[in-house]
1. Just tell me the longest site-free run in the chain, where the sites are trypsin sites (Lys or Arg not before Pro) in a DSSP loop having at most 12 other beta-carbon atoms within 10 Å.
2. When percent of Cα pairs over 28 Å apart is calculated directly from the model, which label among (1) 39; (2) 26; (3) 57 fits?
3. Which GluC sites (Glu not before Pro) in the range 115-176 sit in a loop by DSSP (not H, G, I, E or B) and have at most 11 other Cβ atoms within 10 Å of their own Cβ?
4. For all pairs of alpha-carbon atoms in the range 98-167, what percent lies in each bin of width 10 Å, listed from the first bin to the last filled one?
5. Please tell me the relative contact order of the chain in percent, rounded to the nearest whole number, where contacts are Cα pairs under 8 Å and at least six residues apart.
6. With the dipole of the chain worked out from charges on the C-beta (+1 for Lys and Arg, -1 for Asp and Glu) around the Cα centre, which of PRO20, SER144, HIS59 lies farthest toward the positive end?
7. Longest span of the chain, sites excluded, free of chymotrypsin sites (Phe, Trp or Tyr not before Pro) in DSSP loop with at most 14 other C-beta atoms within 10 Å?
8. Using +1 at the Cβ of each Lys and Arg and -1 at the Cβ of each Asp and Glu in the chain, identify which of VAL167, VAL83, LEU44 lies farthest towards the dipole's positive end.
Amino acid sequence: MLVSWGDLLDRMAIGASGEPGIVEDIRQLQGLAQREDSETFLPLHSEELSSEFGRRINHFYNLFVNATDRLVEEGAIDWMGIVSSSWTSCGRRIQFSGTDAWFGIHYQLWARGASEDTPLWLHTYGASPDILNIISAELELRVSEENYFPIHLKTGVEYDDVLGDVVRQLKAIADIIKANTPPAQPD
């Protein structure tokens with residue numbers, strides 16, 4: 001019989017429920033086991049190597065490119081003309097009312113399910129903690145430890161519906177930033 005570390009530690013936590021110190025130790029071990037599981041190379045499955053997987057990654061790329069293009073056309077954001085790509089992410093540098101941000105696919109946050117299961121994330125570089133808290137509260141978004149907001153993707157609908165919803169989410173964030181950012185003072 002093969003039992004995962006997660007299942008074993010869950011059972012141990014239930015058995016030790018009357019011992020707060022032991023339960024806390026078990027919780028720490030659960031965190032370690034989760035991190036190890038998320039970073040361990042798992043055996044490949046043939047469907048992970050199919051062209052469908054590559055097409056899906058291209059769809060996600062097109063979503064962030066088309067969403068930022070649409071928002072620039074509508075005047076909701078400014079694109080800084082910078083595309084950034086690394087082994088952890090691929091996205092565009094943008095601005096909301098003078099607040100620097102990055103929007104795109106963040107592979108590491110997606111892989112570890114940082115707070116949501118989504119490939120698309122928004123990071124605001126210049127937003128104050130107060131603005132981040134307002135965005136979290138008003139839009140019910142859980143910000144990651146690194147101040148990335150998940151951009152949720154609708155499932156079971158056509159591309160234009162997914163794109164429209166991504167644009168709607170980004171506009172809502174842009175509106176909050178604009179409403180809570182004092183106008184720039186002339187030099």
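Just so it is clear, none of the values below were taken in a lab; they were calculated from the coordinates. Nothing here was measured: the structure is a model prediction, and the numbers come from that model. When we count neighbours, we look across all protein chains shown, and the Cβ atoms used for this are built from the backbone with ideal geometry, even at glycine.
1. 1-141
2. (1)
3. GLU140, GLU145, GLU146, GLU158
4. Binned Cα distances yield the sequence 20, 50, 28, 3.
5. Rounded, it is 15 percent for the chain.
6. Checking the options against the dipole of the chain, the answer is HIS59.
7. 126-187
8. VAL83
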